[in-house]
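Below is one structure, written out as structure tokens, with a few remarks after it.
The values are calculated or read from the model by the stated rules, or taken from the named source; none is laboratory data. In this text the structure is predicted, and so the values were computed from the model without any measurement. For neighbour counting, all protein chains shown are included, and Cβ atoms are generated from backbone atoms with ideal geometry for every residue, glycine included.
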Amino acid sequence: MTTADISIVAVAIPGHFALWIGRANALHATALPEWAVRTLSACCHCALLAGLIAPGAWFYCGGSLVDPYGPWSGGRGLAWAYAAICLAVVAGPVRRWFYHRFLAPPSAALLAGSGTEIDVRAALKSVPARGYAASVVLRLPLNASLRLAITEKEIAIARLPATLDGLSIAHLSDFHLGHKVDRPYFDEVVRQAGALDCDLVCITGDLFEKKAGYDWTDAVYGRLRARHGAYFILGNHDAYLRDAARIRRMLTDAGLIDVGERWLEIAIRGERVILAGNELPWITPAADMTHAPPREPEGGPLRIALAHTPDEIDWARRHDFDLMLAGHTHGGQIRLPVIGPMLVPSRLDVHYSAGTFDEPPTVLHVSRGISGKMPLRYDCLPEITRLVLRCGVPGERGEV
């Protein structure tokens, strides 16, 4: 293996990782059945491993990309073809990742931010695990699954009516009730959410992981209250249970308001506010905005979209939403030093893993979620977010 071979491989390897991890991530943004997503994701991970082992063996046996007379020169065409694909990925997705990770300016819509952290395990004086395996995982060093972040963000909404300046929203997402984490954890989440004293509570999907969580509906979701209502949509894990009608009924019986597949208008401080749901691609259709109140010359009414995945940001922009709330990504769950998150269930790479993003005319906020199917997090705390909407053009009050 020559110095030139080593140089080419060193540049191509990031593309190899991005190619197969990206395919696995994109699978989790499709409406395929859960078993198909898991199977095809496993195939992507096998391809990731094979793409390291097979070329390594080829080079070890004398193969070369630049030596036409080596003993394994017959494989050069295939090796160059795959190297070219990986280099193209480096020039595309990897380059975009580098820009967003290190060079992109912070969101101009984010005016201010602050937060606290709660060690739920210490507060409960126990590990709220369901089963021995979950108990072991939740006790792992550096596992942040039981360290809850309570965050407040002030966000500039360009067309926000002055009367609604200071409107507060508790954004919650991805509870995954009934699986590895036991109910006392969620009791604490709800208690903390209630203490935020918000105008609205918005839950952006994946309320249940297993039907065992149905028994907790009243005790957990039934305690979520806000001055102008608590609203929800469903996510892919709710859809996987094939019980959407029953889930919607249980949640509405518990006092929550369903905006999945529809839009509704409410009045806050005398102003009209439109709330709409988008559960695509797992549950169709998204809210039909054809007959929603149109924009007026002076700007109103305020439009807020609840979507499970940030991949639906183009839908929100087309329909002129001021704010879109999403989840699904869990922030990547594991964020590596320098690299950041890698496993982000999105077809839009890892860019929308969590945080606030400017997508005019829409401001997008993506939550890291409350829990997950696998209770393992590194450098990625679960979160409750209190969003405070402010009048003004993004960037006018500074950046954080």
Worksheet entry | Close pairs from the stretch 362-375: first more than 17 Å from residue 312 (Cα to Cα), partner in a strand (DSSP E or B), Cβ under 7 Å, at least 6 apart | 370/172; 371/181; 375/181
Worksheet item: Looking at residue 292, is it surrounded by fewer than 20 Cβ atoms within 10 Å (Cβ to Cβ) and either more than 28 Å from residue 35 (Cα to Cα) or touching a residue at least 60 places away in the same chain (Cβ under 8 Å) (or both)?
Response: yes
Worksheet item: Would you pick out the residues in the stretch 312-328 that are farther than 17 Å from residue 290 by Cβ and in contact (Cβ under 8 Å) with a residue 40 or more places away in the chain?
Response: 313, 322, 323, 324, 325, 326, 327, 328
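Okay, residues lined up against (1) basic (Lys, Arg); (2) closer than 22 Å to residue 333 by Cβ:
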| residue | (1), (2) |
| --- | --- |
| 133 | no, yes |
| 139 | yes, yes |
| 146 | no, yes |
| 151 | no, yes |
| 162 | no, no |
| 165 | no, no |
| 174 | no, yes |
| 179 | no, yes |
| 195 | no, no |
Item to complete: Within the stretch 303-360, count every residue that is among the acidic types (Asp, Glu), in a helix (DSSP H, G or I) and out of contact with any strand residue (DSSP E or B) (no Cβ under 7 Å at 6 or more places or on another chain).
Response: 2
Worksheet item: If you go through the stretch 140-168, how many residues are of a type in the set (Ser, Thr, Tyr) and over 23 Å from the mean Cα position of the chain (by Cα)?
Response: 1
Worksheet item: Are any residues in the stretch 184-230 in a loop (DSSP other than H, G, I, E, B) and of a type outside the set (Gly, Ala, Ser), and if so, which ones?
Response: 196, 197, 198, 199, 206, 207, 209, 210, 224, 225, 227, 228
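Residue-by-condition table, conditions (1) crowded, with 24+ Cβ neighbours inside 10 Å; (2) farther than 30 Å from residue 181 by Cα:
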residue: 327; (1), (2): yes, no
residue: 330; (1), (2): yes, no
residue: 335; (1), (2): no, no
residue: 346; (1), (2): no, no
residue: 349; (1), (2): no, no
residue: 361; (1), (2): no, yes
residue: 375; (1), (2): yes, no
Discussion item. If I filter the stretch 231-289 down to residues being of a type in the set (Phe, Trp, Tyr) and touching a residue at least 40 places away in the same chain (Cβ under 8 Å), which single residue comes out as surrounded by the fewest Cβ atoms within 10 Å (Cβ to Cβ)?
Written reply: 240
Worksheet entry | Search result, residues across the stretch 350-396 that are in contact with an Asp or Glu (Cβ under 8 Å, 6 or more places away or on another chain), of a type in the set (Lys, Arg) and either at pLDDT 95 or above or more than 24 Å from residue 145 (Cα to Cα) (or both) | 368, 386, 390
Worksheet item: Only one of (1) modelled with pLDDT of 95 or more; (2) in contact with a Pro (Cβ under 9 Å, 6 or more places away or on another chain); (3) of a type outside the set (Val, Ile, Thr) fails for residue 307. Which number is that?
Response: (2)
Discussion item. Please go through the stretch 309-324 and give me each residue that is within 17 Å of residue 353 (Cα to Cα) and either acidic (Asp, Glu) or in contact with an Asp or Glu (Cβ under 6 Å, 6 or more places away or on another chain) (or both), ordered by number.
Written reply: 311, 312, 313, 314
Item to complete: Determine which member of the set 286, 276 is under 19 Å from the mean Cα position of the chain (by Cα), small (Gly, Ala, Ser) and in a strand (DSSP E or B).
Response: 276
Worksheet item: How many residues are surrounded by fewer than 19 Cβ atoms within 10 Å (Cβ to Cβ) and not charged (D, E, K, R) if we restrict to the stretch 27-36?
Response: 6
